[in-house]
1. So which of B:Leu258, B:Leu225, B:Leu200, B:Leu293 ends up being closer than 19 Å to A:Met117 by Cβ and of a type outside the set (Phe, Trp, Tyr)?
2. Against the conditions (1) open to solvent by less than 10 Å² (accessible area, probe 1.4 Å); (2) closer than 20 Å to A:Met108 by Cβ; (3) part of a loop (DSSP other than H, G, I, E, B), where does A:Leu231 fall short? Just the number, please.
3. Given the criterion of a type in the set (A, V, I, L, M, F, W, C) and either surrounded by fewer than 19 Cβ atoms within 10 Å (Cβ to Cβ) or part of a loop (DSSP other than H, G, I, E, B) (or both), identify the matching residue among B:Ala50, B:Ala74.
4. Please determine whether any residue of the stretch A:79-87 is assigned to a loop (DSSP other than H, G, I, E, B), more than 10 Å from chain B (Cβ to nearest Cβ), within 20 Å of the chain's Cα centre (by Cα) and at pLDDT below 95.
5. Being open to solvent by 70 Å² or more (accessible area, probe 1.4 Å) and not in a loop (DSSP other than H, G, I, E, B) is the filter here, so list the residues in the stretch A:306-317 that pass it.
6. What are the pairs with Cβ atoms under 9 angstrom where one residue, in the stretch B:21-41, is more than 10 Å from B:Val7 (Cβ to Cβ) and among the charged types (D, E, K, R) and the other, located anywhere, is open to solvent by 80 Å² or more (accessible area, probe 1.4 Å) and modelled with pLDDT of 90 or more? Sequence gap at least six, or different chains.
7. For the stretch A:105-155, how many residues are open to solvent by 10 Å² or more (accessible area, probe 1.4 Å), at the interface with chain B (Cβ under 7 Å from one of its Cβ atoms) and closer than 13 Å to A:Val229 by Cβ?
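The values are calculated or read from the model by the stated rules, or taken from the named source; none is laboratory data. Everything numeric in this text was worked out from a predicted model, so none of it was measured. Positions of Cβ are generated from backbone atoms using ideal geometry, with glycine treated the same way; all protein chains shown enter the neighbour counts. The protein model used for the area step is the full one, side chains on, heavy atoms only, and it has no ligands, DNA or RNA in it. Shrake-Rupley method; radii C 1.70, N 1.55, O 1.52, S 1.80 Å.
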2 protein chains.
Amino acid sequence: MSAKRPVVIDLKFSRVAMDEALKDAFPDREVIDLARPDHAGRDLGSAAYALLWKPDPALFKRATALEVLFSGGAGVDHILALPDLPDRPIVRFVDRSLTDRMSEWVVMNCLYHLRQMAAYQKQQREKIWHEIPLQPEARDVTVGVMGLGVLGEDAARKLKVMGFNVIGWSRRKKTLEGMETFDEDHMDDFLARTDILVGLLPLTSETRGLYDSSLFARLRQGGPLGKPVFLNAGRGGSQVEADVIIALQKGVLGAASLDVFEKEPLAADSPLWAMENVVITPHAAAASDVSALIRHVEAQIHRFEAGEPLEHVVDRWAGY
Amino acid sequence: MSAKRPVVIDLKFSRVAMDEALKDAFPDREVIDLARPDHAGRDLGSAAYALLWKPDPALFKRATALEVLFSGGAGVDHILALPDLPDRPIVRFVDRSLTDRMSEWVVMNCLYHLRQMAAYQKQQREKIWHEIPLQPEARDVTVGVMGLGVLGEDAARKLKVMGFNVIGWSRRKKTLEGMETFDEDHMDDFLARTDILVGLLPLTSETRGLYDSSLFARLRQGGPLGKPVFLNAGRGGSQVEADVIIALQKGVLGAASLDVFEKEPLAADSPLWAMENVVITPHAAAASDVSALIRHVEAQIHRFEAGEPLEHVVDRWAGY
């Protein structure tokens, strides 16, 4: 068998972005793009690599000789739950562009709530000129970042540059320069200090439903923003949406920015759409740049075929 | 005459913030706060220092022995135009808090437009889940900062950390590490490169009406955001508001964030309030922290009375 075995692609992405990026992808090997009608029925038996985002659950019945699986995004929960998942390395997508874009979203939303933009935009709609008296600055506000992987670490660093007081939490203790960090044994301490909670956790059995009423109740009340704020750009499965809604209605939370939801698209009848102080984006905080994704996969395949170790391999036991 | 001569205060600020901050201000000298009814008629003849924000135009007829004038904000245009202005040093307010807050506003608004939040918020109101295809990232976008004083330099540095490509303009050429800068002879080159224009200029005879149709037409068209974006958090007098409105209506500008206006409060019949892609804040980008202002003035008075040179003294000829 030749060293240049095919790559099979099953990415549930917008076609516009994909067509352009796939045009020149993997020039030295066959590309089977299951989204193309003329490729859909092809034999996948010789494919060595699979690039996947929410793939067809029956994929692994057809592609039985895969060597490496690549996730089309930072998360891998969409792969780990699949039936017949082969015992092969899964490589997550780590990319400067993805990281930068996630931090753009996080910093923008933290500043949006800090600067009370929901209230100012309401005033604008009503043509009211009024300076809101309560105006804490970033250094008065503690942002607690949950999840200190590549994304969380970059967001935390940029939040610090913007002046926020930043603390971090991860399941296993991480040491980050110039930042106080907490681990799973000290979550209460972390939450009690947090004015703005930024969720950047992967979806695992341990994080499913983690952001619930009990957790929101443990965030700092009466801080400089009055009530705590919840941001989630990790995975929707980590939040109990009914609890988010109740916490906002009862004033346990003062505001939220949500990019991810238990079920996407978010249902039209969700009360979240119309809630004041809630910013909703449609899982668009850090869309994968498909060109960057292809370059990343090409580079990892090159390493793999040269006998070098793969990078960003998922720990299946931990789930991320 | 005692070394501890009175300070007269005429700050048109919100009373809530001032009362608390003034309680313990200038403990070693008399404080005449003209906003207090019981102080309003006092003799100002012995006052050596005046702390001013949009003061009574007749002030200098009463306070005839002033040694130093302090501005309550970063700008001094509200003082320079006054009749009977004594030929004494004017000290502008430079403060970490003021600088940080201005950068919060600038970075938030640049990210808001980069991430097309006006469009996403419109979708949210209509309960539409749709990922907008055009999603440049910060490094694709050039932010041109006009005005490279303390505020402009800090905003530029933080915009760079967020990934933006940042260039700077000032009347006299300034050299900033890691940033391309332009002076008054190269304004066209600067504008032709700029996707988001950030106005942080003082109001002087040279900057009055500077942001007009002619200037907007010289900004880069067809950049990654489609059309250029205009931010102004300097002084309203620098913008020709009718031209801003026309440029937005005609699509010469794609969006704007305005914190300052030719006449404040902005008139209720201004079309700006209701324009899509326009963010309006009521001159609140960087409200002076009154406590920090008092500390700054106390420190400068201490220097002055100890025979040391004052800091942040305004160049009257330049107007800032």
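1. So the residue among B:Leu258, B:Leu225, B:Leu200, B:Leu293 that is closer than 19 Å to A:Met117 by Cβ and of a type outside the set (Phe, Trp, Tyr) is B:Leu258.
2. Going through the list (1) open to solvent by less than 10 Å² (accessible area, probe 1.4 Å); (2) closer than 20 Å to A:Met108 by Cβ; (3) part of a loop (DSSP other than H, G, I, E, B), A:Leu231 breaks only (3).
3. B:Ala74
4. yes
5. Of everything in the stretch A:306-317, nothing turns out to be open to solvent by 70 Å² or more (accessible area, probe 1.4 Å) and not in a loop (DSSP other than H, G, I, E, B).
6. B:Asp28/B:Lys4
7. Within the stretch A:105-155, residues that are open to solvent by 10 Å² or more (accessible area, probe 1.4 Å), at the interface with chain B (Cβ under 7 Å from one of its Cβ atoms) and closer than 13 Å to A:Val229 by Cβ number 2.
Conditions (1) under 19 Å from the mean Cα position of the chain (by Cα); (2) modelled with pLDDT of 95 or more, marked per residue:
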{"position": "A:Gly152", "(1), (2)": "yes, yes"}
{"position": "A:Lys160", "(1), (2)": "no, yes"}
{"position": "A:Gly178", "(1), (2)": "no, no"}
{"position": "A:Asp185", "(1), (2)": "no, yes"}
{"position": "A:Asp189", "(1), (2)": "no, yes"}
